[in-house]
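The values are calculated or read from the model by the stated rules, or taken from the named source; none is laboratory data. Predicted, not measured: the structure shown is a model, and the values here were computed from it. Here the Cβ is made from the backbone with ideal geometry for all residues, glycine too, and neighbour counts use every protein chain on show.
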Ligand SMILES: Cc1cc2nc3c(=O)[nH]c(=O)nc-3n(C[C@H](O)[C@H](O)[C@H](O)COP(=O)(O)O)c2cc1C
């Protein structure tokens, strides 16, 4: 059994919809040997990351950065986990209204410091969430879980 952790923040529902699709993909019938844990950013911590074999992070872009609560999560885990989670596989999704690049780069900078390994391109939705977007999120979750199941991550 491998463990996949999903940590996210959403204030107005966009990232929540993405998260629901990611989790649906990761827990779909095709996936049998992956335990999926979903945590809102304020409820996630060192124990959750230590438990996991791979992590998926979802955040809105706020003020050209990740959301404050996602930053708080990363602040709380950074030093306790520094050098302890080297090579941990992760994927990232972002909900923005006009851009998204600042959220991606701010998270990537911190995860580079932790030496986590991006195993998919960040997925950014700018503007309204469409069915196609949610399908992509579903695939993102399923790919992460399938990669764990296959022992790739
Ligand atoms: C305080 C605040 C700041 C925001 N700053 C940005 C921004 O810098 N760039 C952007 O593209 N969208 C920005 N937005 C829009 C949000 O990213 C967008 O509404 C997103 O869908 C929110 O995600 P959520 O529905 O999961 O809360 C901002 C929204 C808020 C409330």
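Some observations on this one:
- Test for residue 70: is it under 13 Å from the mean Cα position of the chain (by Cα), over 20 Å from residue 13 (Cα atoms) and at pLDDT 95 or above: no
- Test: residue 139 is over 22 Å from residue 12 (Cα atoms) and either part of a loop (DSSP other than H, G, I, E, B) or in contact with a helix residue (DSSP H, G or I) (Cβ under 9 Å, 6 or more places away or on another chain) (or both): yes
- Among residues of region 79-89, those that are under 16 Å from residue 5 (Cβ atoms) and assigned to a helix (DSSP H, G or I), counted: 2
- So residue 81, is it in contact with a helix residue (DSSP H, G or I) (Cβ under 7 Å, 6 or more places away or on another chain), more than 24 Å from residue 130 (Cβ to Cβ) and at pLDDT 95 or above: yes
- Within this structure, residue 145 fails the test of being without any contact (Cβ under 8 Å) to a residue 60 or more places away in the chain, more than 16 Å from the ligand (Cβ to nearest atom) and either exposed (fewer than 14 other Cβ atoms within 10 Å of the Cβ) or under 18 Å from residue 2 (Cβ atoms) (or both).
- Residue match in region 55-78 (condition: outside any helix (DSSP H, G or I), under 19 Å from residue 129 (Cβ atoms), away from the ligand (no atom under 16 Å from the Cβ) and touching a helix residue (DSSP H, G or I) at 6+ places or on another chain (Cβ under 6 Å)): no
- Residues (assigned to a strand (DSSP E or B), more than 9 Å from the ligand (Cβ to nearest atom) and under 24 Å from residue 17 (Cβ atoms)) located in region 90-123: 90, 91, 92, 93, 118, 123
- Within region 124-136, the set of residues being part of a loop (DSSP other than H, G, I, E, B) and surrounded by fewer than 11 Cβ atoms within 10 Å (Cβ to Cβ) comprises 128, 130.
- Members of region 1-54 found to be within 16 Å of the ligand (Cβ to nearest atom) and part of a strand (DSSP E or B), listed by number: 6, 7, 8, 38, 39, 40
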